[in-house]
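First the structure, in the form of structure tokens, and then the observations on it.
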Amino acid sequence: MIYVHAKGMIVDDEYVIVGSANINQRSIAGTKDTEIAMGAYQPHHTWAAKKSHPRGQVCVAFLPQCGKFYCASFLVVAQEVVGIIVIQIYGYRMSLWMEHLDKKHEVFMEPQSLECVKTVNSIAEENWKKYTDSVFTSLQGHLLRYPVLVDADGKIGPLPGHEHFPDVGGKVVGAHSFQLPDMLTT
């Protein structure tokens, strides 16, 4: 069995990247792990073409014989296709909001707005309070605030009273190791 822990990034409702690599230089460079990823965009649904939100769809298929993803225009040559996925980038983003926050909200249509950021932060903060409370209360979705504070100088520290994660006891901020260099763990 092969386990793939998928990651994804949506850029401006126009471009989506989905794959096994973390979206950082170390994972994408190709020098450490075997990773796979695909990127897709909708040529007729871009900010430049529409002068507004791009909201279209694209078909993607995975071909096991070559281990690659192909867009719909290449499907004609495919003999064995594991699966075809229709991706509507905007719809995918909206479904992620619903999945993670268990709520449909008008502000999610404009994720770049300050109102959306404040709404998401408020839900995440409220979920963190419920999660750390001694009395069980159901969470709204499963997005929680990460228990750190960043000061004006950029220094990171744990939230007061939450130096350790409540469920597993590990340090929120972590610690340097004398046995392992930071390069291996960061």
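The values are calculated or read from the model by the stated rules, or taken from the named source; none is laboratory data. Everything quoted here is computed from the prediction, not taken from an experiment. Glycine also receives a Cβ, built like all others from the backbone with ideal geometry; neighbour counts cover every protein chain displayed.
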Tell me which of these residue 63 doesn't satisfy, since it passes every other one: (1) at pLDDT 90 or above; (2) hydrophobic (A, V, I, L, M, F, W, C); (3) more than 22 Å from the chain's Cα centre (by Cα). (1)
I need the full set of residues from region 120-145 which are in a loop (DSSP other than H, G, I, E, B) and not aromatic (Phe, Trp, Tyr), in order please. 133, 134, 135, 137, 138, 139, 140, 141, 142, 143, 144, 145
In region 23-52, residue modelled with the lowest pLDDT [restricted to those that are part of a loop (DSSP other than H, G, I, E, B) and closer than 19 Å to residue 92 by Cα]: 23
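Can you find a residue in region 146-153 that is surrounded by fewer than 11 Cβ atoms within 10 Å (Cβ to Cβ) and outside any loop (DSSP other than H, G, I, E, B)?
For region 146-153, residues surrounded by fewer than 11 Cβ atoms within 10 Å (Cβ to Cβ) and outside any loop (DSSP other than H, G, I, E, B): present.
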In region 97-129, the residues that are surrounded by fewer than 15 Cβ atoms within 10 Å (Cβ to Cβ) and free of Cβ contacts under 8 Å to residues at least 12 places away in the same chain: 98, 104, 106, 110, 112, 113, 114, 115, 117, 118, 122, 129
Enumeration of residues in region 131-162 that are aliphatic (A, V, I, L, M), farther than 26 Å from residue 104 by Cβ and under 23 Å from the mean Cα position of the chain (by Cα): 148, 149, 150, 156
